[in-house]
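A.B. asks: First, the structure itself, so that you have it in front of you.
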Amino acid sequence: MSESRLFQILYYLLGRGQATACELAEKFEVSTRTIYRDIDKLSSAGIPVYTTTGHGGGVQLVENFVLKQALLSKEDMQNILIGVQSLSAACLPEADAVIAKLQAIFQMQTSNWIEVDYSRWGCRAEREKSSFELLKKAIQDRYQIQFQYYNSTGEFSERGCYPLKLIYKDKAWYLSAFCLKRKGIRLFRISRMRKLELTDQHFEEILREEQPSSSKPPENHLMEMELSFSKEMAYRVYDSFDEDVITQSGEKLIVKVAMPEDEWLYGFLMSFGDKLTVLDPPYLKEELKKRFKMALNHLK
């Protein structure tokens with residue numbers, strides 16, 4: 001445990017820059033005396049760690065210290081390579097070059113035991129790759145972007161945004177951004193974005209002035225639902241829901257779950273046709289009835 005704690009202290013200092021002995025003691029649930037002994041052990045092992053007293057003092061590493069390869073286990077190096085491999089799934093072309101460099105440094109090859117592909121069926125890989133590259137540059141260099149967007153109700157609009165980060169959630173990529181049209185943080189599904197362009201306007205200072213006090217993206221209302229699916233829909237049910245919310249009742253699969261109430265949800269539920277029965281809430285039953293009637297009217 002002592003050896004493991006030494007590495008954990010080292011990684012903690014690499015990430016934070018410095019920490020007080022009390023902070024480390026609380027973090028690793030030992031006494032401050034034990035922390036000071038651990039610091040002495042790290043120093044004896046050649047790690048340039050030292051302590052300073054007074055205001056702003058604490059335990060820290062020498063500036064520009066780099067973790068040597070020798071301190072990484074074979075498993076650590078394999079995990080790093082696997083992690084970098086997964087970057088190619090986000091359409092980052094430089095991932096291959098980084099992998100090649102790490103393979104040379106670690107003197108080991110990666111195995112192809114896993115492949116992650118986030119692209120959608122029927123999509124043009126080149127288009128998605130271009131979008132990711134543009135969004136990455138916009139986020140890292142803080143450039144404003146503009147694009148055309150179709151929201152969950154089918155409404156079309158022109159948007160200008162300050163992009164903040166990419167999020168992968170529920171089998172889809174989203175962009176979290178400050179929307180100039182709505183004057184707040186919004187989530188945009190990337191597959192609904194069209195004619196994405198990078199402007200020449202930086203937004204760091206502007207964002208600081210215009211961003212509201214709460215930067216938490218707004219969430220759609222979560223609807224508590226109880227759904228019954230015919231057993232032949234098991235493959236889709238287990239594709240779409242966590243096993244913990246699914247119970248079997250005779251020839252039916254019962255799902256109790258809370259999901260955001262939007263047009264996507266209604267379209268998703270309607271795609272099950274007569275293989276789905278809504279048990280609760282009654283409001284959801286009525287909304288689905290309305291939409292099925294409207295769909296039938298289009299077939300007349």
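A.B. asks: Are any residues in the range 141-174 acidic (Asp, Glu) and part of a strand (DSSP E or B), and if so, which ones?
C.D. replies: Glu158
A.B. asks: What is the residue count in the range 43-80 for residues that are of a type outside the set (Phe, Trp, Tyr), modelled with pLDDT of 80 or more and out of contact with any Phe, Trp or Tyr (no Cβ under 9 Å at 6 or more places or on another chain)?
C.D. replies: 3
A.B. asks: For Gly15, work out the one condition from (1) open to solvent by 60 Å² or more (accessible area, probe 1.4 Å); (2) at pLDDT 85 or above it doesn't fulfil.
C.D. replies: Going through (1) open to solvent by 60 Å² or more (accessible area, probe 1.4 Å); (2) at pLDDT 85 or above one by one, Gly15 breaks only (2).
A.B. asks: Across the range 177-196, what is the total count of residues that are over 19 Å from the mean Cα position of the chain (by Cα) and over 13 Å from Arg127 (Cβ atoms)?
C.D. replies: Residues meeting the conditions: 6.
A.B. asks: Those residues that are over 14 Å from Ser240 (Cα atoms) and surrounded by 15 or more Cβ atoms within 10 Å (Cβ to Cβ), I need them from the range 253-265; list them, please.
C.D. replies: Glu261, Asp262
A.B. asks: Return only the number of the condition from (1) open to solvent by 70 Å² or more (accessible area, probe 1.4 Å); (2) modelled with pLDDT of 80 or more; (3) acidic (Asp, Glu) that Asp38 does not satisfy.
C.D. replies: Here Asp38 meets the rest and fails (1).
A.B. asks: Can you tell me how many residues in the range 141-187 are surrounded by 14 or more Cβ atoms within 10 Å (Cβ to Cβ) and touching a residue at least 40 places away in the same chain (Cβ under 8 Å)?
C.D. replies: Here the count works out to 16.
A.B. asks: Quick one: Leu299 ticks every box in (1) closer than 16 Å to Glu224 by Cα; (2) open to solvent by 80 Å² or more (accessible area, probe 1.4 Å); (3) not in a helix (DSSP H, G or I) bar one, so which box is it?
C.D. replies: Leu299 satisfies all of (1) closer than 16 Å to Glu224 by Cα; (2) open to solvent by 80 Å² or more (accessible area, probe 1.4 Å); (3) not in a helix (DSSP H, G or I) except (1).
A.B. asks: Also, quick follow-up: Test Met193 against the criterion of being buried (at least 16 other Cβ atoms within 10 Å of the Cβ), under 28 Å from Gly154 (Cα atoms) and modelled with pLDDT under 90, and give yes or no.
C.D. replies: So Met193 passes the test.
A.B. asks: Across the range 175-202, what is the total count of residues that are in contact with a Gly (Cβ under 9 Å, 6 or more places away or on another chain), assigned to a strand (DSSP E or B) and of a type in the set (A, V, I, L, M, F, W, C)?
C.D. replies: 2
A.B. asks: Additional query: When you check Leu222 against the structure, is it modelled with pLDDT under 90 and of a type in the set (A, V, I, L, M), yes or no?
C.D. replies: The answer is yes for Leu222.
A.B. asks: Looking at the range 127-140, can you tell me whether even one residue there is in a loop (DSSP other than H, G, I, E, B), at pLDDT below 85, charged (D, E, K, R) and exposed (fewer than 15 other Cβ atoms within 10 Å of the Cβ)?
C.D. replies: Checked the range 127-140: no residue is in a loop (DSSP other than H, G, I, E, B), at pLDDT below 85, charged (D, E, K, R) and exposed (fewer than 15 other Cβ atoms within 10 Å of the Cβ).
A.B. asks: Looking at the range 179-186, is at least one residue in contact with a helix residue (DSSP H, G or I) (Cβ under 8 Å, 6 or more places away or on another chain) and under 29 Å from Asp239 (Cβ atoms)?
C.D. replies: no
A.B. asks: Please verify whether Glu287 is free of Cβ contacts under 8 Å to residues at least 60 places away in the same chain and over 30 Å from the mean Cα position of the chain (by Cα), treating the condition exactly as stated.
C.D. replies: So Glu287 passes the test.
The values are calculated or read from the model by the stated rules, or taken from the named source; none is laboratory data. Since the model is a prediction, treat every value here as computed from it, not as a measurement. Positions of Cβ are backbone-derived with ideal geometry, glycine not excepted, and every protein chain shown enters the neighbour counts. The accessibility values were calculated without ligands, DNA or RNA, using every heavy atom of the protein model including side chains. Shrake-Rupley method; radii C 1.70, N 1.55, O 1.52, S 1.80 Å.
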